[in-house]
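> Here it is, the structure in full.
Each reported figure results from applying straightforward, stated rules to the coordinates on display, with no laboratory input. As the structure is a prediction and not an experimental result, all values here were calculated from the model. Note that each Cβ is placed from the backbone with ideal geometry, even for glycine, and that neighbours are counted across all protein chains shown.
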């Protein structure tokens with residue numbers, strides 16, 4: 001068995017473990033989140049993006065089995081990071097459903113870190129467009145999921161204010177910061193898809209808010225428009241190059 005196929009086999013094994021852990025306890029995630037619902041939590045339908053992410057990751061792994069050269073393969077660039085990522089993904093499901101909120105925040109931050117490492121590693125070297133596609137969506141979604149998890153921790157511990165600011169104010173601040181981060185990542189990595197992914201949870205938050213907080217609605221709409229324009233500019237620049 002070639003080196004890249006050994007890595008691909010390791011990725012597939014970790015991926016299957018992740019799916020099993022998700023299947024085993026994933027049905028409890030929604031109920032735990034609803035019991036500790038923060039203002040920033042998207043509507044339930046937004047979480048369907050996980051299905052797309054998992055399908056794309058599976059195709060990405062299968063594609064690695066057909067890579068002809070080791071040094072030219074994605075596995076050569078990423079090494080063990082996908083394995084760590086998939087295992088952290090499964091572990092997060094376990095700790096979150098057990099309502100170990102502090103641990104869940106630490107795990108999802110670790111998950112986000114592994115995604116940032118893989119995303120940047122692929123971008124800094126030559127890659128096929130599909131190599132980064134699953135991770136653009138995955139990275140974008142987990143960026144917002146990490147923020148939601150932190151807010152869920154605060155709600156779970158009945159923390160109503162930080163530095164004199166309430167949950168709604170912090171939600172506006174964090175969403176604005178996430179939008180700014182999205183713009184920076186878009187132009188730095190020349191990725192038109194990443195900002196579009198952020199719009200999806202924003203729409204979920206907007207739907208769940210149901211006009212309860214007008215300032216939140218305005219922030220979400222404005223941020224989505226900015227991200228859409230950012231994606232269009234990045235897309236046009238990519239076509240020109």
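> Taking the highest mean first, how do the peptides 212-221, 143-152 order by number of other beta carbon atoms within 10 angstrom per residue?
Working: 212-221: 14.7, 143-152: 21.0.
Packing order, densest peptide first, comes out as 143-152, 212-221.
> Which length gain, in nm to one decimal place, applies between residue 5 and residue 35 when the Cα-Cα distance is subtracted from 0.36 nm times their residue separation?
Once the chain is fully extended between residue 5 and residue 35, it gains 6.5 nm.
> What ranking of 24, 200 emerges when the number of other C-beta atoms within 10 Å of each C-beta is taken as an exposure proxy, fewest first?
With the fewest neighbours first, 24, 200 line up as 24, 200.
> Measure nothing but the geometry: give the 0 to 90° angle between the long axis through the Cα atoms of 81-97 and the longest principal axis through the Cα atoms of the chain, rounded to 10°.
Result, in degrees: 30.
> Let me ask something else. Quick one: helix 193-209 against the long Cα principal axis of the chain, what's the angle to the nearest 10°, folded into 0 to 90?
It works out to around 30 degrees.
> Expressed as a rounded percentage, what relative contact order does the chain have, with Cα pairs under 8 Å and six or more residues apart?
On the way: 264 pairs, mean separation 58.3, N = 241.
This gives 24 percent for the chain.
> What FRET efficiency would be calculated for the residue pair residue 238, residue 173, taking the C-beta separation as r and a Förster radius of 30 Å, to the nearest 0.05?
Taking R0 as 30 Å, the efficiency between residue 238 and residue 173 is 0.45.
> Show me the ranking of peptides 156-163, 189-196 by mean Cβ neighbours inside 10 Å, starting with the highest. Write out the running numbers ahead of the final one.
Values: 156-163: 10.1, 189-196: 21.0.
Peptide ranking by packing, descending: 189-196, 156-163.
> Can you give the helix-only mean residue ellipticity at 222 nm for the chain, where every DSSP H stretch with n ≥ 4 adds -39500 (n - 2.57) and the sum goes over all residues, rounded to the nearest 500 deg cm²/dmol?
It lands at -26500 deg cm²/dmol.
> Now for a different question. Compute the long axis of helix 167-189 from its Cα atoms, compare it with the longest principal axis of the Cα atoms of the chain, and write down the angle in degrees, 0 to 90, nearest 10.
Computed tilt is about 30 degrees.
> Here's another thing I want to ask about it. What is the gain in length, in nm to one decimal, between residue 48 and residue 102 on full extension, counting 0.36 nm per residue of separation less the C-alpha to C-alpha distance? Before the final figure, lay out each step's value.
Values: separation 54, 0.36 × 54 = 19.44 nm, distance 2.47 nm.
Residue separation times 0.36 nm, minus the Cα-Cα distance, leaves 17.0 nm.
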